[in-house]
Amino acid sequence: MGNTLSLVRLALTEFLDNLHTFQTLQARIQRSPGLPLPNPSRSFWCYPPSPIATHVSQLPTHADFIVVGSGITGTSVVRRLLYSASAEGHNVRVVMLEARDVCSGATGRNGGHISPPLHHDYTSLKRDHGQAVAQKIIKLRLAHLEELRSVAEQEGILTESQWREVESVDVFYNSDMFEKAKRKVQTYKADLAFDAEHHEVYEAKEAIEKYRLASDTLGCISSSAGAIHPYQFVTGILAKLLARYPDRFSLCTNTPCTSISPPTSSNPYYTLSTPRGTITTPHIVHATNGWASTLLEKLRGKIIPFRGNMSAQRPGQSLPIPGSNPTSHRSFVFYTRPIGYDYLTQLPTGEHELMLGGGFAQDGDEGYEAMANTDDTTYSTRTTTHLSGVLPRYFGEDNWGREGVPLERGEGMWAEGRVKALWSGILGISVDLIPWVGRLPRVVSGRSEPPLSSVVKSEKEEGVHVSAAPGEWIAAGYSGEGMVHAWLSGKALADMVLGREAEGRLGEWFPDIMRVTEKRWKKAKVENLLDTWDD
């Protein structure tokens, strides 16, 4: 989380020093993100496109649940809604609306990491929210590694999703940063003994030899994590759901929701407008993350869009290639300065591409350029210039060796040099650093809710509704850490929508601090990021 948020903090510090620039910032974050732009920069993950990339179901006139967004959050919600309702014998209709091709937002444009910030955030979480809450958040993040593996296995897509366990390695070049990180590890291991064995500290000599790093490496901290092909994970699941529930699940790509109207005396439902017509429903789930405030104006300044940058690169010929041994799979986070870092994982197949992102702090204006920026049709030139040249410096020229050679020349899809692809993606930064999950109060949605009578009733039990009271719901604001928050947030949200919180045992594992309340909404302000930052 620190990578993106450190840049947000840097930008805020500069803006708050000057009234005019602060007013400029406020104007930027209070404007609508708009709809996702057509023709986004080409993400390496999204090619070749899934067979369902442009799937367009017939748009029904009504649905029991409408999910806006087809990334990992929306997919988690839809899967849970369909599975739970089916298990209880309820025949419900679920529609997913997507503004562009399927999974073309942040999920299909991220780094592919399942690397939860653990000791990194624990100290500040404990300080701000207490030990019990901090540990619940940490456990939620940790649970995503096994949860995503289990889901991929259940859906029969474990191989195509490329789920794998990796050793995550934090690499340090600054002694103060390394010493501070080691103190955080000590606190973390003392308070969370169940995860202590997965964290190891290596000083310079051992770190350089073990991980084949450059000679100026001062030390490393390793922990257990995971990696995945996010696009193939999501599209693989959605394809299975379409086949399994052909009459109950509709996926409408390139069908943006352009507006939402509240119920009226003649229509007891929400009415969603799209270029393909209107559709009514008693329940709307917002799973659009950085674009959430397009349809939820009152969340502007609460969840801020932020543009990040990614690359896919061929490894140098002297770098070791990950093999069948799980210990050979690694991800890296390179901390070269107090503000910003770079993150890396390596694919297990193909040309074993190095997926490198970050680079925010290379440009003094980068924070301003990235904040409230939803243009993912291009990327930051300065940031991607840094990403394109830095890898031999991290591993050392000798360890990197000669540049990799394309397996197939002239294919035309990707560049033939070290860097195969560059692209950007839009994150959703929560100004109180906590994701927003749950029912939206009327003061936040800005719309009245449909009456309880508008909810479909059970076909088995007379007078029993198959869901909670109608309303609008959200899971968003992951602050750059969606892969360790989104899936279980979506799962929890689906249980809330269905009125199954007790059955889903949310009280045992879901942090209530993530729920949306009017009090939290009023308190959350962008300038509070400075007050809550862990210095």
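The values are calculated or read from the model by the stated rules, or taken from the named source; none is laboratory data. All values reported here derive from a predicted model rather than from experimental measurement. For neighbour counting, all protein chains shown are included, and Cβ atoms are generated from backbone atoms with ideal geometry for every residue, glycine included. Quick note on the areas: whole protein, heavy atoms, side chains included, nothing else; ligands and nucleic acids left out. Shrake-Rupley method; radii C 1.70, N 1.55, O 1.52, S 1.80 Å.
All other residues whose Cβ lies under 12 angstrom from that of Phe44 are scored, Lys and Arg at +1 and Asp and Glu at -1, for a net of +2. Each peptide in 389-402, 414-427 was scored by the mean count of other Cβ atoms within 10 Å over its residues; highest first, the order is 414-427, 389-402. Spin-label model, Arg276/Arg212: points 7 Å from Cα along the beta carbon direction are separated by 4.8 nm. Applied to the range 156-170, the Karplus parametrisation 6.51 cos²θ - 1.76 cosθ + 1.60 on θ = phi - 60° returns per-residue 3J(HN,Hα) values of x, 10, 4, 6, 5, 6, 6, 4, 7, 7, 10, 8, 8, 10, 8 Hz, with x for Gly and Pro. Cross-link check: pairs Lys180/Lys522; Lys139/Lys491; Lys139/Lys189; Lys184/Lys523; Lys189/Lys302 evaluated at a Cα-Cα cut-off of 24 Å; pairs beyond the cut-off: Lys180/Lys522; Lys184/Lys523; Lys189/Lys302.
Compute the accessible area per residue over the chain, keeping the other protein chains in place, probe 1.4 Å, unit Å².
That works out to 39 Å² for each residue.
Amide H contacts of Gly219 (H built 1.01 Å from N, in plane; Pro and chain starts excluded): Phe172 sit under 5 Å, all sequence-distant by 5 or more or on other chains. With helices as the sole contributors, the chain gives -9500 deg cm²/dmol at 222 nm; each DSSP H run of n ≥ 4 counts as -39500 (n - 2.57), and the sum is divided by every residue. Is the range 29-126 best put as rounded, prolate or oblate by its Cα gyration tensor, with a ≥ b ≥ c the root eigenvalues, rounded for a/c under 1.5, and otherwise prolate when a/b is larger than b/c, oblate when not? Note, shape of the range 29-126 comes out oblate. Taken about its Cα centre, the chain carries a charge dipole of roughly 1040 debye when the Cβ of each Lys and Arg holds +1 and the Cβ of each Asp and Glu holds -1.
Using 0.36 nm per residue, how much length does the chain from Met413 to Arg337 gain when fully extended, once their Cα-Cα distance is taken away?
Working it through step by step, the gained length comes to 23.9 nm.
Over the chain, what is the mean sequence separation of C-alpha contacts under 8 Å (at least six apart), divided by residue count, expressed as relative contact order in percent?
On the way: 1152 pairs, mean separation 124.1, N = 535.
With pairs under 8 Å counted, the relative contact order is 23 percent.
In percent, how large is the relative contact order of the range 189-273, given Cα pairs closer than 8 Å and 6 or more residues apart? Could you put the intermediate results ahead of the total?
Working: 61 pairs, mean separation 13.8, N = 85.
Value for the range 189-273: 16 percent.
For Cα pairs less than 8 Å apart in space and 6+ apart in sequence, what is the mean separation divided by the residue count of the range 13-158, i.e. the relative contact order in percent? Numbers along the way, then the final one.
Working: 95 pairs, mean separation 29.3, N = 146.
Once divided by the residue count of the range 13-158, the mean separation gives 20 percent.
The overall shape of the range 119-221 is oblate: from the C-alpha gyration tensor, with semi-axes ordered a ≥ b ≥ c, the ratio a/c is 1.5 or greater and a/b is no larger than b/c.
Work out, step by step, the length gained on full extension between Arg244 and Trp509: first 0.36 nm times the residue separation, then minus their alpha carbon distance; give nm to one decimal. Don't skip to the answer; put the middle values down first.
On the way: separation 265, 0.36 × 265 = 95.40 nm, distance 2.90 nm.
The Arg244-Trp509 span can extend by a further 92.5 nm.
For a test of the definition: using alpha carbon positions, the gyration tensor, and the 1.5 limit on a/c, classify the range 179-283 as rounded, prolate or oblate.
Numbers: a/c = 3.43, a/b = 2.68, b/c = 1.28.
Since a/c reaches 1.5 and a/b is larger than b/c, the shape of the range 179-283 is classed as prolate.
Along the Cα-to-Cβ line of Lys523, 7 Å from the Cα, sits a label point; which residues in the range 112-140 have backbone N less than 15 Å from it? The answer is 125-131, 133-134. Packing, as the average of other Cβ atoms within 10 Å across residues, places the peptides 482-489, 118-125, 233-240 in the order 482-489, 233-240, 118-125, highest first. Within the shell defined by Cβ-Cβ distances under 11 Å, the residues around Ala239 carry a net charge of 0, with Lys and Arg each +1 and Asp and Glu each -1. Counting charges near Val68 (Lys, Arg +1; Asp, Glu -1) among other residues having Cβ under 13 Å from its Cβ returns a value of -1. Calculate the length of the line joining the C-alpha centroid of the range 72-129 to that of the range 277-318, in whole Å. Between the Cα centres of the range 72-129 and the range 277-318 lies a distance of 12 Å.
Tell me, what is the FRET efficiency for Asp398 and His198 to the nearest 0.05, using R0 = 35 angstrom and their Cβ-Cβ distance as r? If you can, show how the numbers build up before the last one.
Values: r = 31 Å, r/R0 = 0.88.
Taking R0 as 35 Å, the efficiency between Asp398 and His198 is 0.70.
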